[in-house]
1. Tell me the label-point distance for the pair residue B:224, residue A:32, using the 7 Å Cα-to-Cβ offset, in nm and rounded to one decimal.
2. How long is the gain from residue A:394 to residue A:87 if the chain were fully straight, where each residue apart is worth 0.36 nm and the alpha carbon distance is subtracted?
3. Just the number, please: percent antiparallel of the DSSP beta bridges in the protein assembly as shown, rounded to the nearest 5.
4. Sorting A:548, A:228 on the 10 Å Cβ count, fewest up front, what's the list?
5. Calculated FRET efficiency, residue A:576 and residue B:37, Cβ-Cβ r, R0 56 Å, to nearest 0.05?
6. Mind putting together the pair-distance distribution for the protein assembly as shown? All Cα pairs, 20 Å bins, whole percent per bin, short to long.
7. Which value results when the Cα radius of gyration for the stretch A:352-410 is divided by 2.2 N^0.38 Å?
8. At 7 Å along the Cα-to-beta-carbon direction for both residue B:121 and residue A:345, put a label point, then send me their distance in nm to one decimal.
């Protein structure tokens, strides 16, 4: 080796890799127990109040490209440093796969830009195999996780309403905001179809939980990071308030390469590349907790080869990287003529939908698929950004002016009038569904490729099955019916079988989980039911990796609950001197 | 590391490679070379290159990229003048708001084609097409035609459903530049005031105004009315005692 790996003399109680939902929750819980922690994050610090980083309440003209996505996938104002493509960190594909891997390199990771949709998994979601014979059951049930969901609700905050629906458990809810006009149009349409539509469940503070975080002021910009911390980000809801206790030492811009083990195969720490000086270092700890994201944690384990673990660490089952699965997605847009020429008022609201539709079809048979999806809705008189006003000709042809003129295209005063009359009259539908985890969908180390830090990269192999395709068909058929029922017009062409009904590419919904799944059988799972590696008793994974399946619910709330549960278990096991 | 040092690292490091693809002139990649002229170009568009994070939360790598783009010039004076004429045909001043050039739309277009290089050839070629057609019909370039002559040509390419085969390329260009002019206009203060967007500020959302509910015949359902947030209670700390699941 051309350079010396620098070892820190100090040994921490716990080394945590990653500062997103799982890592932040573990850091908070373990620090509260008085443990000394090294927290490693592959990106820079992030503070939503720092003028150099703040994007909240910026106007489109403050960006020369008016917020377009030239350097950030979701636009200039989105708070994600990273994206599906990071120049220094490539990944590759196998057998024609096209898995898209989104990463955020910053304190708080992907919790800084996510939709804050905070849904508990229901009892059925842990036991789906009992229901449809596909995939596997979790080794734990809703009752094991429920007490932690309760604690997460009260610590972090989520609004919603108690609905008493069988597989959509209620929680400790703050009051939800009133819906907006377009949401009432959708509501009246879906209720007629026998489809539910209820207040959404988002982790935004409509009331205060303490004096540190302020209440929401309705700018609709949670994806930009909040100056008053009214929404959840691991950075400002978990890590920054815990830092003052002095138990956590942060390692920023630290790209972890592998877990270091001793001659007995137990974890002794991790090695990382400091992106600032491009040198490799080692941090030592009694316990190692991986929270680098499902795919990154799998990558670290697979790259941690030693004599005791020739196959990569915690991988005697050969299951590390297997069963990676993302949510499905499909969408549609509509024009509602009754929403044209609207009265103007501020309807920004919270940073997401105020109403949503949970899955309603558990008791029905469906054509070609067995698992459900929820529907997210968007629309309203939003702030313009790059792309606003594109394709006006496609709208003008749909609804004639008073004089009957609907000639698409044009210019001048007439164009300006069209922009004004159509403003706020379009809305969108997005289905987010559960896929069936597959053994043959996996990520592995590409032996031929390294990233800029010399670390071998991941190679993805992923194919949707017919279940996901047919579920997407059900989505677009349902959206079309909702739109017709509300007197709307479908915008664009409805995707058919040739486009898999608009089914998104795997990874595009950014819910990939399952790479280090938990189970009772060490031959078919990587972790036990406490997210502890079967093979290495002082190694834990607390990101989306442990998921056996992920329901149609966004994974973050379950990552938080499971991380808290695992952290309690670590404290207990250290006390009992079992690890 | 100060900003100059950061830029130097970025320029010699991995970030430099992305500029090769966008046709950047390496002479402009000298670290810290933000001239007064570039700062002023930024200010024309509402961007403050002197502010921390360029005033809109840029990372050091993103700042380096912005500065690179501001140091380049894509359109020549003739092209810029033609864009200005077209922009004001597409978005003229009316009784509600000003024109595209009032909102500095040509400057936005100059920036965006550098930011998104795939616009460059269609835009440059489209302007050439327009001058060619103007010369063919009137023996003058487009910007020197009188208004009536300009509109004669624009009418042949502005309505995509009714375009003669020989004008298809021109129509395609016109649709593109209409998109850029419209988006460039409605993302400025002038455009947003024209539109009547009144958000992007702290407020206390308390539902759809009553007269709007009545007009659209959309009302909140009784079963939810008492469960929604009461904005006056936002500052209270939630008390979970007595909360039952």
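1. In this crude label model, residue B:224 to residue A:32 measures out at 3.2 nm.
2. Values: separation 307, 0.36 × 307 = 110.52 nm, distance 3.61 nm.
Once the chain is fully extended between residue A:394 and residue A:87, it gains 106.9 nm.
3. Around 65 percent of the beta bridges assigned by DSSP in the protein assembly as shown are antiparallel ones.
4. Details: A:548 24, A:228 18.
So the ranking, lowest neighbour count to highest, is A:228, A:548.
5. Working: r = 69 Å, r/R0 = 1.23.
After rounding, the FRET efficiency stands at 0.25.
6. 15, 46, 33, 6, 0
7. Numbers: Rg = 19.0 Å, N = 59, 2.2 N^0.38 = 10.4 Å.
Cα-based Rg divided by the globular estimate yields 1.83.
8. Output for this residue pair reads 5.1 nm.
Where a number appears in this text, it was derived from the coordinates with a stated rule and is not lab data. Predicted model, so just to flag it, every value in this text is computed and none were measured. When we count neighbours, we look across all protein chains shown, and the Cβ atoms used for this are built from the backbone with ideal geometry, even at glycine.
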